[in-house]
Amino acid sequence: MNLKSILGLVIIFVFTACTPQEKLQKFAGLTQGTSYHVTVWVPGGGNIEQLKSLVDQELARIDKLLSNYRDDSVLELFNRQQHTDPVKVGEEIVQLLRKAEKVSIATQGCYDLTSKPLFALWGFNGDNPAMPDPAELQRLKQRIGYDKIEIIDNQHIRKREPGIEIDISSIAQGYSVARIGRLLEQQGIENYLVEIGGELETKGSKPGGQPWRVAIERPLPGARKLQKIITIRQKQILAVMTSGTYRHYFDEQGRRYSHILDARTAMPVTHQTVSVTVLHDDATQADAWSTALLCLGREQGIKTAEQAGIAALFLEQVNDDLVEYSSQPWQQLKNVDIQ
């Protein structure tokens with residue numbers, strides 16, 4: 001389901017002496033072509049088997065709705081429609097498109113959910129990416145553009161051009177994380193960490209008021225080292241989303257081509273920014289913004305993040321070194337320690 005490369009987020013737990021009532025409870029599973037992990041603290045304990053069943057059901061429902069790898073998903077049924085009539089896709093997809101459209105506008109079209117055919121042409125949806133035929137690339141470029149999708153109402157959308165296709169993977173995992181967070185809250189759970197494919201959301205704390213701690217992986221090929229450790233001291237929801245270029249790319253004639261495509265040019269980005277981490281109270285927005293800012297790169301990305309009030313950390317590769325840059329909202333974060 002996910003076409004973007006996600007930097008690993010290593011979950012670090014600080015254990016203290018706990019009574020049985022203070023014990024963290026965990027479960028994990030598979031979803032959307034990756035894994036998920038849920039950690040909760042329920043004073044007095046909770047029914048983890050029942051909770052896992054509810055989470056699995058919700059993730060299966062979302063997959064049936066948003067997956068680009070299921071022919072029977074609502075999204076893929078829409079993509080296969082070759083007409084411009086209104087199609088009922090449901091409120092969730094409409095709301096996701098509205099959020100993505102705002103980010104597309106803010107990035108002047110660099111970030112665009114209609115880029116799905118470009119990923120296929122470049123081969124990034126398979127195992128053998130390669131330089132496409134330039135004429136085919138220019139032809140396909142004419143079919144790309146968020147303005148070619150019209151939102152009719154809270155249930156319906158339509159294509160302004162029959163060949164338009166939507167890839168929602170750059171926002172779907174963040175949305176899934178948020179949905180699982182709301183499900184946990186509906187079950188009366190106020191202390192949790194939810195992670196899907198490296199994208200995560202926290203709320204509350206661990207036993208004894210201990211903060212959640214997560215780490216951002218160093219974004220270089222072959223490296224499995226930690227770049228940053230984030231200690232989350234706030235009780236309110238905080239999403240941590242990281243997008244990177246280094247896990248999905250190919251080299252040709254001495255040049256590296258990343259899977260991060262600029263929808264305006266239909267080409268891989270050429271800047272030196274290798275990862276962007278976004279902290280936000282909305283996991284869906286954080287997911288979209290981390291990809292969008294990575295598309296823009298550090299120089300334009302910081303300006304855009306500051307205009308939108310987004311707390312973002314940019315890592316730029318200079319030879320064999322990584323240089324860090326951050327937006328003003330990142331520097332002004334409260335109740336979040338970053339080392």
Failed criterion for D133 (all others in (1) under 14 Å from E165 (Cα atoms); (2) without any contact (Cβ under 8 Å) to a residue 60 or more places away in the chain hold): (1)
Among the residues listed as K148, K88, the single one being among the charged types (D, E, K, R), without any contact (Cβ under 8 Å) to a residue 60 or more places away in the chain and either within 28 Å of L294 (Cα to Cα) or surrounded by 12 or more Cβ atoms within 10 Å (Cβ to Cβ) (or both): K148
Considering residues of segment 253-273 that are buried (at least 23 other Cβ atoms within 10 Å of the Cβ) and among the aliphatic types (A, V, I, L, M) only, the residue modelled with the lowest pLDDT: I260
From I62, I105, residue being among the β-branched types (V, I, T), under 18 Å from T34 (Cα atoms) and in a helix (DSSP H, G or I): I62
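Considering segment 141-197 alone, what residues qualify as being among the hydroxyl-bearing types (S, T, Y) and more than 23 Å from E101 (Cβ to Cβ)? Please lay out each step first, then the result.
Within segment 141-197, the first condition is being among the hydroxyl-bearing types (S, T, Y), and the residues that meet it are 146, 169-170, 175-176, 192.
The answer is Y192, and nothing else.
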Subset tally (residues that are of a type outside the set (A, V, I, L, M, F, W, C) and in a strand (DSSP E or B)) for segment 316-331: 6
Failed criterion for K334 (all others in (1) over 17 Å from Q285 (Cα atoms); (2) outside any loop (DSSP other than H, G, I, E, B); (3) over 18 Å from the mean Cα position of the chain (by Cα) hold): (2)
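Here's the yes/no breakdown for (1) modelled with pLDDT of 95 or more; (2) farther than 25 Å from A106 by Cα; (3) assigned to a loop (DSSP other than H, G, I, E, B); (4) not charged (D, E, K, R):
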site	(1), (2), (3), (4)
L121	no, yes, no, yes
P129	no, yes, yes, yes
P132	no, yes, yes, yes
E136	no, yes, no, no
R139	no, yes, no, no
R143	no, no, yes, no
N154	yes, no, yes, yes
R158	yes, no, no, no
I166	yes, no, yes, yes
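The values are calculated or read from the model by the stated rules, or taken from the named source; none is laboratory data. Just so we're clear, the structure is a prediction, and the values are computed from it rather than from any experiment. Don't worry about glycine lacking a Cβ; one is built from the backbone with ideal geometry, like all the others, and counts go over all protein chains shown.
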